[in-house]
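Everything on this sheet refers to the single structure shown next.
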Amino acid sequence: MRQSLLFSLLLVLLLGASDAQADDGSTPLSLTNRPQLDELQQRLNEGERLRAALSQENQRLKLQLQEAQAKAAPGVRLLTEQQQWFVTGAGVALLAALCGIFISGGRRQRRQWLN
């Protein structure tokens, strides 16, 4: 957003310069467009000031995030979220296999569908 603002200001300045060169050249650029250039310079300075303030705020928030993470989780996490899902799935599969063994009673039955 900030870069696009600076880019658009630069584009306006360049277009203003090309329009001035396209004229017959009787009036210099600095005399005809001086109020517009001053306004654009003020807007540019304001944009740069806001960018610097946002950058400082971003750094401050990053430090706060690091401090909050250090306080919340002092230990190292053993498993990532994807690994936790894998372990949960493996546990469910193992539980289902054990339930199947216990329900059948561990006895061998003649399987009719094989004949």
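What follows is calculated from the coordinates using simple rules that are stated; it is not laboratory data. Because the structure is predicted, anything quoted here is derived from the model rather than measured. FYI the Cβ positions are ideal-geometry reconstructions off the backbone, even for glycines, and counts take in every protein chain you see.
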Tell me the label-point distance for the pair Cys99, Gln59, using the 7 Å Cα-to-Cβ offset, in nm and rounded to one decimal.
5.7 nm
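How much length is gained if the chain between Thr32 and Arg49 is pulled fully straight, taking 0.36 nm per residue apart and subtracting their Cα-Cα distance, in nm to one decimal?
Numbers: separation 17, 0.36 × 17 = 6.12 nm, distance 2.77 nm.
So the chain would gain 3.4 nm between Thr32 and Arg49.
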Just to be sure I understand the model, the point goes 7 Å from the Cα along the line to the Cβ. What's the resulting Ala90 to Leu6 distance in nm?
5.0 nm
